[in-house]
Amino acid sequence: HNYNSGTYTEVFLKYSGTSDKTIYPLMCQAVDSSGSFWIGTYGGGIVYYSAASGVMKNYRTVDGLSNDYILEVQFDREDNLWASTNDGLSKMDPKTGQIQRYNSGDGTVSKEFNAGASLLTKDGIILMGGTTGLQLFIPGR
């Protein structure tokens with residue numbers, strides 16, 4: 001929605017490896033420092049969308065995500081994107097597309113996380129709610 005003109009722009013998300021008619025529920029979104037959207041979907045991974053350029057890119061498990069069921073996305077102070085999923089956490093460097101996975105073997109409190117349960121504190125701590133507890137971590141440490 002453009003508040004200045006009162007107009008709306010319709011955008012259809014595109015997913016790699018699926019038909020043009022594939023639709024996944026949108027679970028969460030975060031906006032990066034350039035104003036681009038990072039949208040977490042339930043089954044379609046993460047979709048990057050730049051309204052300024054019209055560029056859209058889909059990131060999925062084949063690209064390194066822990067799971068395609070994204071429940072929360074959160075940027076840290078280093079502009080890395082963190083995603084909680086149905087199978088651990090993923091950390092993505094949006095500049096390079098490099099993704100790291102974290103799960104219970106790395107010390108996460110839960111394998112599966114919850115929608116609507118993330119927070120970046122003023123001190124740079126990220127909190128993500130899991131099915132068996134609250135994950136608290138300081139990115140970069």
In the list (1) 11.6; (2) 10.2; (3) 9.2, the entry giving mean projected area of the Cα convex hull in nm² computed from the coordinates is (3)
Full extension from Leu134 to Asn4: what is 0.36 nm times the residue separation minus their Cα-Cα distance, to one decimal in nm? 42.7 nm
With DNA, RNA and ligands ignored, accessible area of Lys111 (1.4 Å probe; Å², nearest 10): 120
Share of carbon and sulfur in the accessible heavy-atom surface of the chain [1.4 Å probe, %]: 49
Packing-ranked peptide list from 83-91, 131-139, highest mean Cβ count within 10 angstrom first, is 83-91, 131-139
Listed residues Ile46, Ile125, Ile99, most fluctuating in the chain (Gaussian network, C-alpha, under 10 Å): Ile125
List the relative contact order of the chain as a percent without decimals, with contacts defined as Cα pairs under 8 Å and 6+ residues apart. 14
With springs only between Cα atoms under 10 Å, which of Phe12, Phe113, Phe75 fluctuates most in a Gaussian network model of the chain? Phe12
Compute the distance in nm between two label points, each set 7 Å from the Cα along the Cα-to-Cβ direction, one at Ser53 and one at Leu119. 3.5
Leaving out ligands and nucleic acids, and using a 1.4 Å probe, what accessible area per residue does segment 42-141 come to in Å²? 50
Can you figure out the FRET efficiency of Val62 with Ser104, using R₀ = 22 Å and their beta-carbon distance, to the nearest 0.05? 0.45
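The values are calculated or read from the model by the stated rules, or taken from the named source; none is laboratory data. Everything numeric in this text was worked out from a predicted model, so none of it was measured. Reconstructed Cβ throughout: ideal geometry from the backbone, glycine too, with neighbour counts over all protein chains shown. Keep in mind that these areas ignore ligands, DNA and RNA; they rest on the heavy atoms of the full protein, side chains included. Shrake-Rupley method; radii C 1.70, N 1.55, O 1.52, S 1.80 Å.
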